[in-house]
Amino acid sequence: MTDGTQTGEVLTRTQQFESICKILEEFEYREEKLIPILQRIQDVYHYLPKEIIEFVANSIKIPASRIYGVATFYSHFTLEPKGKHLIRCCNGTACHVKQSIPIINAIRKKLNMQEGKNTSDDLLFSIEIVSCLGACGLAPVVVIDGEVHGQMSPAKVEALLDKILKKEAGNE
């Protein structure tokens, strides 16, 4: 993280606002720096919380609606909490034909995610089902934290998740 915290460190509410103030100071409270400000804030929270959007709007003296406009226009931003680890599962034609649905179901089961819920309760994982990851020759494909994993199966994806869970628990 670029705000001086360690990855996975839980910030108090005061520390979070101090972190946001540092980001705003770094970008000199300039409206034309809104996108990099929002990027850095999302790095801290993994999404853009409503109260922070309002705080930023007041701090740089623009309407909150302008920030919401930017945040909803660019797919990089999210207004919903996201997990620390992002899992993108392809369900495009090639992946679907090669059984992506059982892989998606295995991920949801392993992480105790109900259908329609995309982030684990502990905010450790988020899952996105996408139409194409551009790696059809490796179908079915799963991308975890930007790393492409091809020719996946339910057992292979569970092993990957176990590895991450073990690391998060400090057992690796």
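The values are calculated or read from the model by the stated rules, or taken from the named source; none is laboratory data. Quick caveat: nothing in here was measured; it's all calculated off a predicted structure. Glycine gets a Cβ as well: all are built from the backbone with ideal geometry, and neighbour counts include every protein chain shown.
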Legend entry - Matching residues in region 95-118 - criterion: being out of contact with any helix residue (DSSP H, G or I) (no Cβ under 9 Å at 6 or more places or on another chain), in a loop (DSSP other than H, G, I, E, B) and surrounded by fewer than 17 Cβ atoms within 10 Å (Cβ to Cβ): Asn112, Gly116
Legend entry - Top-ranked residue in region 87-112 [being among the β-branched types (Val, Ile, Thr) and under 20 Å from the mean Cα position of the chain (by Cα); ranked as farthest from Gly137 (Cα to Cα)]: Ile107
Inset, instruction - Answer yes or no as to whether Gly69 is out of contact with any Phe, Trp or Tyr (no Cβ under 7 Å at 6 or more places or on another chain) and assigned by TED's automatic domain parsing to the domain that holds Gln151. - result: no
Inset, instruction - Name the one entry in Ile20, Ile62 that is modelled with pLDDT of 95 or more, out of contact with any Leu (no Cβ under 6 Å at 6 or more places or on another chain), of a type outside the set (Asp, Glu) and over 21 Å from Leu160 (Cβ atoms). - result: Ile62
Inset, instruction - Mind listing whichever residues of region 160-172 are surrounded by 11 or more Cβ atoms within 10 Å (Cβ to Cβ) and either touching a residue at least 60 places away in the same chain (Cβ under 8 Å) or not basic (Lys, Arg) (or both)? - result: Leu160, Leu161, Asp162, Ile164, Leu165, Glu168
Inset, instruction - Collect the residues in region 84-114 that are among the hydroxyl-bearing types (Ser, Thr, Tyr) and over 12 Å from Met152 (Cβ atoms), keeping them in residue-number order. - result: Thr93
Inset, instruction - Give me the pairs, please: first residue somewhere in region 44-55 and farther than 17 Å from Tyr74 by Cβ, second residue anywhere and surrounded by fewer than 16 Cβ atoms within 10 Å (Cβ to Cβ) and at pLDDT 95 or above, beta-carbon distance under 6 Å, and either six or more positions apart or on two chains. - result: Glu54/Ala64
Legend entry - Total residues in region 123-134, condition surrounded by fewer than 18 Cβ atoms within 10 Å (Cβ to Cβ) and either free of Cβ contacts under 8 Å to residues at least 24 places away in the same chain or more than 16 Å from the chain's Cα centre (by Cα) (or both): 3
